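Taking it in order: structure first as structure tokens, then the write-up.
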Amino acid sequence: MSAMFDINKKKAFVCDLDGTLFMGPDPIKSAVDFVIKSIEDDRFSFFYLTNNTSKTPEEYIKKISGANIPVKPHEILTPLITLESYIREKGYKSVYLLASEKVKAHMTERLLDMQVKFEYNPEENELIALTYDKELTYEKLANATSLWNMRNVAPSPMCPIRTTNQKPVDFVATHPDNCCPSERGPIPDIGGMMKFLEITNGMKPSHIFGKPSPTLLKTVLDKFAPEEIAVVGDRLYTDKAIADNAKVDFICVLSGETTKEDLSAYTGTKPAITVDTFDKIDN
């Protein structure tokens, strides 16, 4: 056990999912068994933090409970919650949402009281919102860049078509991940989609939600003191970064993206503890 980490001081663990409790659709059995036993013993509280906005919170509840982990809706922490709050705060009524149909339906239902429309409408769109869209098409990317060109770029022979509405359109992304771990190895995530847009016409999001922004941990920080919380994850640039930003301990697991070689080359502060799988913190 690391001298930097005392499990007896902890009351809540904020667990990343992909690479920490699951590898693709499959549970990492020893880690999941540790969570189940800890809940049965009323030993710790657990929250489940994911940057993956290709799925809805309801799908994550189904995935987690499918591994026999008891889970409540308020324990799911996803950037879709932050995106919803942002749209409400700004009062946007027309959003071009690059997302799967299931995520689009979820956001429509969540913002039904505001009657927000999520379709491509160059004259009315106030926001371009990029999620981890596994149904991404060339048309969606072309629409996003065209909307930006017509509303945010000065007229030129390169872009003669303009919208009547010339108010600049906002652009946000739900998270910064470059790849998503899977049982087949890393697969493309939203980072590449953002790079595609930036290379095309210089588009950069005004805000990137999700890890490493500590906003996602607000519910947990409201309930527990920082020293009572630990973030558990497999990525230094998102999981460790959100722990550092929230000033809580970080437990690095080697069951996902980060390797021992990555840790040796890492120049930041070391994790509070590094283990092969989450359950090993109790050894």
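The values are calculated or read from the model by the stated rules, or taken from the named source; none is laboratory data. Source: prediction; values computed, not measured. So basically every Cβ, Gly included, is an ideal-geometry build from the backbone, and we count neighbours across all protein chains shown. Each accessible area value is taken on the protein alone, full model and side chains, heavy atoms only, with ligands, DNA and RNA left out. Shrake-Rupley method; radii C 1.70, N 1.55, O 1.52, S 1.80 Å.
Quick look at the numbers
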quantity	calculated
Selection status of Thr163, in a helix (DSSP H, G or I), within 27 Å of Asn125 (Cα to Cα) and in contact with a helix residue (DSSP H, G or I) (Cβ under 7 Å, 6 or more places away or on another chain)	no
Selection count, region 145-180, where residues are within 30 Å of Met23 (Cα to Cα) and open to solvent by 20 Å² or more (accessible area, probe 1.4 Å)	3
Criterion: within 30 Å of Ile28 (Cβ to Cβ), acidic (Asp, Glu) and touching a Gly at 6+ places or on another chain (Cβ under 7 Å) - qualifying residue of Asp177, Asp133	Asp177
Qualifying positions in region 23-62 - modelled with pLDDT of 95 or more, more than 16 Å from the chain's Cα centre (by Cα) and under 26 Å from Leu83 (Cβ atoms)	Ser45, Phe46, Lys62
Criterion (farther than 30 Å from Cys252 by Cβ, of a type in the set (Val, Ile, Thr) and within 20 Å of the chain's Cα centre (by Cα)) met by exactly one of Ile76, Ile87	Ile87
Subset of region 81-128 (residues that are touching a helix residue (DSSP H, G or I) at 6+ places or on another chain (Cβ under 9 Å), over 19 Å from Ile190 (Cα atoms) and among the hydroxyl-bearing types (Ser, Thr, Tyr))	Ser85, Tyr92, Tyr120
Selection status of Val14, β-branched (Val, Ile, Thr), closer than 30 Å to Glu119 by Cβ and assigned to a strand (DSSP E or B)	no
Residue list for region 17-30, filter: open to solvent by less than 60 Å² (accessible area, probe 1.4 Å) and assigned to a helix (DSSP H, G or I)	Ser30
Residue within region 129-137 that is more than 26 Å from Tyr237 (Cβ to Cβ), over 23 Å from the mean Cα position of the chain (by Cα) and open to solvent by 30 Å² or more (accessible area, probe 1.4 Å) present	no
Boolean, Met194 is closer than 30 Å to Leu236 by Cα and either open to solvent by less than 30 Å² (accessible area, probe 1.4 Å) or in contact with a helix residue (DSSP H, G or I) (Cβ under 8 Å, 6 or more places away or on another chain) (or both)	yes
Of all residues in region 208-232 being modelled with pLDDT of 95 or more and small (Gly, Ala, Ser), the one that is surrounded by the fewest Cβ atoms within 10 Å (Cβ to Cβ)	Ala225
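Per-residue answers, yes or no, for (1) open to solvent by 70 Å² or more (accessible area, probe 1.4 Å); (2) in a loop (DSSP other than H, G, I, E, B); (3) not basic (Lys, Arg):
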residue	(1), (2), (3)
Met4	yes, yes, yes
Val32	no, no, yes
Lys37	yes, no, no
Phe46	no, no, yes
Ser54	no, yes, yes
Lys62	yes, no, no
Leu83	no, no, yes
Tyr86	no, no, yes
Glu109	yes, no, yes
